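Asks: Submitted below is the structure of interest, expressed as structure tokens.
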Amino acid sequence: MYGNYDPPFSIEKEGISISVEELEKRWVYKRTLGTDTVEKLILGDGKHIIISPVEPLNTPKEITPNLLIEFEKTLLLAAGARKKIFLTFPVEIGVFISDKGNKNLQLLDVLTLARKKFTLYGPVSNGIICKHWKSGIYSVSPSPNPLQEGIMELTLRNTTSEWASISKAVFSAYGMKIFYDSDVFMRAHMDILNKNTAETGFELQHISGELKSFHPKNQETRKEAIEIYNRKLDFVPVSLTFDMRLGF
Amino acid sequence: MITDINFLDFSPYSTSNGPVTMGDLLKFVLILSFSIIISRIITLYLRRSFKDKVSKDAGETILKLFYYGTIIIVFIAVLPLTGLDPSGLFLAGGITGIVLGFASQNIVGNLISGVFLMIEKPIKIGDQVEISGTLGFVTDIRIISTLIRTYDGLLVRIPNQQVFTTNITNVVGYPARRFDLKFGIRYSDDADAAIFLIKDLIDKEPFALLNPDPSVFVNELGESSVDLIVRIWAPISEWAALKSKLLWAIKKTLKENGIEMPFPQRLVYLHKVPDKNRTPEELKQNQEKEIESVLNYGERVLT
């Protein structure tokens, strides 16, 4: 489903129906998912429609830029250890309209097949609202439905001299780098700094435009997903991290 | 004979306090210029700090007060360098201050409260607060007063002294807020089934937070119903909408599953005054009929 489309077109997959049809010299964008229907009028010719995975923090409403991934089992990381694990994360599908050459991008719609749930990270008095996702811990890359779940390669580093007990990780959408092809992929790190604090961030593995991201299975080249959050920033993020000061 | 006179020691004029040298005058100009530069730098820094925290009007007033206040204080402090005695100014200023102080007691009180409100920041523009019984959005924090737009669209101006000295409830002070919903179900209904249905509804609702976890439990065995309490935490921005949405959704779901919310009930026992002419057998038969009717009433209410 991900990719570029020239109107008129119509696609249907996994219960999602997206179409752009010409009606009385106007373009009509129509999307259906279950009982949820979105219809928009497009005034402009020669436009492209791009369907791309986006940061999973836009539906049902954008109320936080933070994603909390809760591990199905608590993980114990030895002092000074550095380990790589695979998690899953929810995928949201962004529909964009653009001029030729992917210029002048405008978000048309965001939808998701993944479960939508929020939680509070930390206590009520100084906690942070986060989008919640529960993931299993995998030693090899899982193969989830790319329209619903993505794969996160997480490198855990315990910089302390004690065991670290990890049950969750919080990531900020600012700095999130998603790549896609036959799957949706992110590469992140989590550094345990002390007993209560960890730092999370994303590996920026791009060169420019089309990027080469190492695929654990067949080394295929993935495309860089369109970022909604990073586009809001006035600067190009080089390395944005999230400080988990309220435990992990 | 030519005398070697240092320029800084040259005295252009004298006052009753002695001669004023060019050095004194230069010091006066330098100190005043330096204080103006420092005040400007601090004002610039404060303007940046106030951005998005204090309304533009109030912020500019504070900055002007700070800027000119600093220059005036420095000017008076270095005035003796020019040979002028500022004590006369102090006396005149003191008397003027007393007169103005009495005349503008409330205004000054509000102004000082306004400054402290901006420093302590118990409320911000856009917060939803309750101040002195007024509930609404803070639209502006000015130097003398605070403006509140009530939920029904009224503009209320509250003097800052009142804001500062009264209890302030900031509805959006924390990221999440809890709400309670109360439901009564019939004694004949399965409370466990009702709890299961409600928990399932909460689980499907994105904005009902997972942590702090929601709770649903039997709170009381009431006169007419088994009373359930539902406690849910929600993001502060979604709290009100979720509360009203879930209230009706729970009511509908319970009804769809045959769980009803009973009206208040009273069991009324009716019995006739014993007839003296009746035999004991007739009386016993009559009592049995009355008991039967009460039982039937109970069944009607419960089914």
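Asks: Do we find that residue B:79 is in the same structural domain as residue B:46 (by TED's automatic domain parsing), at pLDDT below 80 and part of a helix (DSSP H, G or I) in this structure?
Replies: no
Asks: Go through (1) more than 22 Å from residue A:199 (Cβ to Cβ); (2) within 14 Å of another protein chain (Cβ to nearest Cβ); (3) in contact with a Gly (Cβ under 9 Å, 6 or more places away or on another chain) for residue A:100 and report which single condition fails.
Replies: (2)
Asks: Looking at residue B:124 and the list (1) touching a residue at least 24 places away in the same chain (Cβ under 8 Å); (2) assigned to a helix (DSSP H, G or I); (3) closer than 30 Å to residue B:38 by Cβ, which single condition is not satisfied?
Replies: Only one criterion is unmet by residue B:124, namely (2).
Asks: A further question follows. Being part of a helix (DSSP H, G or I) and within 21 Å of the chain's Cα centre (by Cα) is the filter here, so list the residues in region A:98-144 that pass it.
Replies: Once the filter is applied, which keeps residues that are part of a helix (DSSP H, G or I) and within 21 Å of the chain's Cα centre (by Cα), region A:98-144 yields only A:102.
Yes/no matrix, rows are residues, columns are (1) surrounded by fewer than 20 Cβ atoms within 10 Å (Cβ to Cβ); (2) without any contact (Cβ under 8 Å) to a residue 40 or more places away in the chain; (3) farther than 19 Å from residue A:67 by Cα:
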| site | (1), (2), (3) |
| --- | --- |
| A:132 | no, no, no |
| A:143 | yes, no, yes |
| A:153 | yes, no, no |
| A:176 | no, no, no |
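Asks: A follow-up question, please. Scan region B:190-212 and tell me whether some residue there is assigned to a strand (DSSP E or B) and without any contact (Cβ under 8 Å) to a residue 60 or more places away in the chain.
Replies: Within region B:190-212, none of the residues are assigned to a strand (DSSP E or B) and without any contact (Cβ under 8 Å) to a residue 60 or more places away in the chain.
Asks: Tell me whether region A:55-64 contains one or more residues that are assigned to a strand (DSSP E or B) and out of contact with any His (no Cβ under 7 Å at 6 or more places or on another chain).
Replies: There is no residue in region A:55-64 that is assigned to a strand (DSSP E or B) and out of contact with any His (no Cβ under 7 Å at 6 or more places or on another chain).
Asks: How many residues, within region B:194-244, are within 12 Å of chain A (Cβ to nearest Cβ), surrounded by fewer than 14 Cβ atoms within 10 Å (Cβ to Cβ) and of a type outside the set (Gly, Ala, Ser)?
Replies: 3
Asks: Now a separate question. Which of the residues spanning region A:127-143 are of a type outside the set (Val, Ile, Thr) and at the interface with chain B (Cβ under 8 Å from one of its Cβ atoms)?
Replies: Once the filter is applied, which keeps residues that are of a type outside the set (Val, Ile, Thr) and at the interface with chain B (Cβ under 8 Å from one of its Cβ atoms), region A:127-143 yields A:127, A:132.
Asks: Right, next: Looking at residue A:84, is it out of contact with any Phe, Trp or Tyr (no Cβ under 6 Å at 6 or more places or on another chain), of a type outside the set (A, V, I, L, M), within 14 Å of chain B (Cβ to nearest Cβ) and over 19 Å from residue A:242 (Cβ atoms)?
Replies: No.
Asks: Picking from B:201, B:242, B:210, B:246, which residue would you name as being touching a His at 6+ places or on another chain (Cβ under 8 Å), closer than 28 Å to residue A:70 by Cα and modelled with pLDDT of 90 or more?
Replies: It is B:210.
Asks: Any idea how many residues of region B:220-249 are of a type in the set (Ser, Thr, Tyr) and assigned to a helix (DSSP H, G or I)?
Replies: 1
Asks: Quick check on this structure: which one of B:111, B:117, B:100, B:135 is part of a helix (DSSP H, G or I), under 30 Å from residue B:175 (Cα atoms) and not charged (D, E, K, R)?
Replies: After applying the criteria, what remains is B:117.
Asks: Among the residues of region A:91-104, is there at least one that is touching a helix residue (DSSP H, G or I) at 6+ places or on another chain (Cβ under 9 Å), at pLDDT below 95 and of a type outside the set (Gly, Ala, Ser)?
Replies: Looking for residues that are touching a helix residue (DSSP H, G or I) at 6+ places or on another chain (Cβ under 9 Å), at pLDDT below 95 and of a type outside the set (Gly, Ala, Ser), one finds at least one in region A:91-104, hence yes.
Asks: Confirm whether residue A:31 is surrounded by fewer than 21 Cβ atoms within 10 Å (Cβ to Cβ), in contact (Cβ under 8 Å) with a residue 12 or more places away in the chain and closer than 17 Å to residue A:166 by Cβ.
Replies: no
Asks: Within region A:152-175, is even one residue on the phi < 0 side of the Ramachandran plot, touching a Phe, Trp or Tyr at 6+ places or on another chain (Cβ under 9 Å) and not in a strand (DSSP E or B)?
Replies: Yes, region A:152-175 contains at least one residue that is on the phi < 0 side of the Ramachandran plot, touching a Phe, Trp or Tyr at 6+ places or on another chain (Cβ under 9 Å) and not in a strand (DSSP E or B).
Asks: Restricting to region B:147-162, name every residue that is in contact (Cβ under 8 Å) with a residue 24 or more places away in the chain and not in a strand (DSSP E or B).
Replies: B:160, B:161, B:162, listed by residue number.
Asks: Still on this structure, I have one more. Scan region A:194-248 residue by residue and report those that are charged (D, E, K, R), modelled with pLDDT of 80 or more and within 22 Å of residue A:105 (Cβ to Cβ).
Replies: Once the filter is applied, which keeps residues that are charged (D, E, K, R), modelled with pLDDT of 80 or more and within 22 Å of residue A:105 (Cβ to Cβ), region A:194-248 yields A:222, A:223, A:224, A:227.
The values are calculated or read from the model by the stated rules, or taken from the named source; none is laboratory data. These numbers come from a predicted model, not from an experiment. Cβ atoms come from the backbone with ideal geometry, glycine included; neighbour counts cover every protein chain shown.
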